[in-house]
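Asker: Take this structure first; my questions come after.
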Amino acid sequence: MNLVAIVPHFVPDVAPTGAVAGRIVEELAARGHRIEVVTSLPWYREHRIEPEFEGRFIRREDAPWGTIVRVHPFPTPDKTNLLKRAAAFAGFSVTTAAIGARGGRADAVLAMSPPLTLGLTGYAVAKARSAPLVFNVQDVYPDVAIELGVLRGERVVRGAHRLERLCYDLADAVTVLSEDLRANVAAKTKHPGRVRVIPNFVDTARITPRERENDYRSEYGLSDKTVVMYAGNVGFSQSLDLVVEAARAFAERDDVVFVVNGAGAARPALEEAAAGLPNLRLVDMQPAERLPDVLAAADIHVVPLKRGLARSSVPSKTYSILAAARPIVAAVDEGSEVARVVERAGAGAAVPPDDPRAFVTALARLLDDPAEARAMGERGRRWVERWASPAAVAEAYEQLFAELKRARETEGARRKTER
């Protein structure tokens, strides 16, 4: 099949969605498909264009499996400036639509959100190229922005929900990461039957159980310590104040160190809150190729999301942690996908969000029983090998594209017969 992928980030950009999109494309290419990728110039790490990609508004690259066109994303370092962010999303989405619409007939178009505006971009490209549209929802917006208090005002919220519903209604299929998100999205569209669950994957061949004592530990003075780590985006969705509170609670334990590895809009506030805590280390985001060692360096990983967000988002880091055979303490909504995965896999503990006492208690239980913590990590690895391999996810997308293509061909034949 000839496929078009409209994605906000793509390798070598370090954004989680870039890694997801890159591997889906790689797996589909291995199955014999040709893919055109339209994406942004890499900018996620510092919220500005990476130096080696500066100087050109649009960059085209040939790939063994097709082409990559990278477009200027109009990055805005200040995530709280909604007007600038909306303008950036609009500019990127319109430019991407104009580029993606060029070319011959395609068999399917995949558009990834956020930003939500790429739903309209995907529709425009699909319409121009006579192809069905699959709208992939990584995080449910505007729900996440509303829960965070970033999106406020009755008119603004109402307008955002209208845009959300329109994007769902225009798509031939909407894919989400969990049953929670399926229920959320299905309730907002005229076509609930079009909503499908296809989870994100983890590269179980690349991320494997490794020795904890590695170069990362040596570089940051973590050797012979028990490391509790948060690795990922330091943004407004994460309750990293829980990590600060936990560091305070374990301040008397010389053997325990807390590490926050990452960057994002909430990093300055976290640095201020962490001042004076010698057992809390802030480490800059690491190159993507170092991820397996970063994950292995921790004895326990934490996934803290603010209340309400676990029903609108499934952090991909959850599966990566399981693949690394490390236990998880997740501070997430009860019954959410993250909580269910941790509990089904027997790979850690899920506690209520924004509850420091429950969070500290769960950590203490694992810190006091390292043998059980290791067993949890091993159970998580076995679970993820069975359920979240890249090949299985790519096959699910391939089958969906083929199904939509057949349906479109059947409908076209029917219309010809009726003429």
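Asker: Just one of the numbered conditions (1) surrounded by fewer than 23 Cβ atoms within 10 Å (Cβ to Cβ); (2) farther than 26 Å from E213 by Cβ is not true of E337; which one?
Answerer: For E337, the failing item is (1).
Asker: Could you go through the stretch 141-164 and let me know if any residue there is of a type in the set (F, W, Y) and either surrounded by fewer than 16 Cβ atoms within 10 Å (Cβ to Cβ) or closer than 19 Å to V314 by Cα (or both).
Answerer: yes
Asker: Sticking with this one: Can you name the number of the only condition in (1) at pLDDT 95 or above; (2) touching a Pro at 6+ places or on another chain (Cβ under 8 Å); (3) not in a helix (DSSP H, G or I) that A111 fails?
Answerer: (2)
Asker: Which residue pairs have Cβ atoms under 7 Å apart, sit 6 or more places apart or on different chains, and have a first residue in the stretch 1-27 that is part of a helix (DSSP H, G or I) and a second that is among the hydroxyl-bearing types (S, T, Y) and modelled with pLDDT of 95 or more?
Answerer: Here the result reads I24/Y397, each pair linking the stretch 1-27 to a residue that is among the hydroxyl-bearing types (S, T, Y) and modelled with pLDDT of 95 or more.
Asker: Restricting attention to the stretch 31-57, which residues are among the hydrophobic types (A, V, I, L, M, F, W, C), modelled with pLDDT of 95 or more and not in a loop (DSSP other than H, G, I, E, B)?
Answerer: If the condition is that a residue be among the hydrophobic types (A, V, I, L, M, F, W, C), modelled with pLDDT of 95 or more and not in a loop (DSSP other than H, G, I, E, B), then I35, V37, V38 are the ones that fit.
Asker: Of the residues R379, R326, R365, R357, only one is assigned by TED's automatic domain parsing to the domain that holds L242, closer than 28 Å to L148 by Cβ, free of Cβ contacts under 8 Å to residues at least 40 places away in the same chain and not polar (S, T, N, Q); which?
Answerer: Only one candidate passes the filter, namely R357.
Asker: Let me ask something additional. Considering only the stretch 379-419, how many residues are of a type outside the set (F, W, Y) and either closer than 30 Å to I321 by Cα or outside any helix (DSSP H, G or I) (or both)?
Answerer: Looking only at that region, the number is 20.
Asker: Inspect all residues belonging to the stretch 48-55 and state whether any of them is in contact with a Pro (Cβ under 8 Å, 6 or more places away or on another chain), closer than 30 Å to G159 by Cβ and in the same structural domain as K405 (by TED's automatic domain parsing).
Answerer: yes
Asker: Test each condition in (1) farther than 23 Å from I24 by Cα; (2) within 22 Å of the chain's Cα centre (by Cα) for E411 and report the one that comes out false.
Answerer: Exception for E411: condition (2).
Asker: Quickly run through the stretch 19-30 and pick out the residues that are closer than 15 Å to M112 by Cα and either modelled with pLDDT of 95 or more or buried (at least 22 other Cβ atoms within 10 Å of the Cβ) (or both).
Answerer: If the condition is that a residue be closer than 15 Å to M112 by Cα and either modelled with pLDDT of 95 or more or buried (at least 22 other Cβ atoms within 10 Å of the Cβ) (or both), then A19, V20, A21, I24, V25 are the ones that fit.
Asker: On to the next question. Identify the single condition in (1) under 25 Å from L404 (Cα atoms); (2) part of a strand (DSSP E or B) that T96 does not satisfy, given that it satisfies every other one.
Answerer: (2)
Asker: Could you tell me which of the residues G262, G235 is assigned by TED's automatic domain parsing to the domain that holds V329, within 22 Å of the chain's Cα centre (by Cα) and at positive phi?
Answerer: Exactly one of G262, G235 is assigned by TED's automatic domain parsing to the domain that holds V329, within 22 Å of the chain's Cα centre (by Cα) and at positive phi, namely G262.
Asker: Go through the stretch 180-212 residue by residue and tally those that are in a loop (DSSP other than H, G, I, E, B) and loosely packed, with under 14 Cβ neighbours inside 10 Å.
Answerer: Number satisfying all stated conditions: 5.
Asker: Now, a different point. Go through (1) under 26 Å from V360 (Cα atoms); (2) not in a loop (DSSP other than H, G, I, E, B) for E252 and report which single condition fails.
Answerer: Exception for E252: condition (2).
Asker: Continuing with the same structure: Please go through the stretch 352-386 and pick out each residue that is at pLDDT below 90 and buried (at least 16 other Cβ atoms within 10 Å of the Cβ).
Answerer: V384
Asker: Within the stretch 213-249, how many residues are assigned to a loop (DSSP other than H, G, I, E, B) and surrounded by 19 or more Cβ atoms within 10 Å (Cβ to Cβ)?
Answerer: Number satisfying all stated conditions: 9.
Asker: Which numbered condition in (1) surrounded by fewer than 19 Cβ atoms within 10 Å (Cβ to Cβ); (2) among the basic types (K, R); (3) touching a helix residue (DSSP H, G or I) at 6+ places or on another chain (Cβ under 8 Å) is the only one that R85 fails?
Answerer: Only one criterion in (1) surrounded by fewer than 19 Cβ atoms within 10 Å (Cβ to Cβ); (2) among the basic types (K, R); (3) touching a helix residue (DSSP H, G or I) at 6+ places or on another chain (Cβ under 8 Å) is unmet by R85, namely (3).
Asker: Strands (runs of 3 or more DSSP E) wholly in the stretch 260-342 with at least 2 residues that are closer than 27 Å to E46 by Cα and of a type in the set (V, I, T) - which ones? Before the answer, list the steps.
Answerer: Details: elements: 280-283, 300-304, 328-331.
Filter on the stretch 260-342 gives 300-304.
The values are calculated or read from the model by the stated rules, or taken from the named source; none is laboratory data. It should be emphasised that the depicted structure is a prediction, and the values quoted were computed from it without experimental measurement. In this analysis, Cβ positions are derived from the backbone assuming ideal geometry, glycine residues included, and neighbour counts consider all displayed protein chains.
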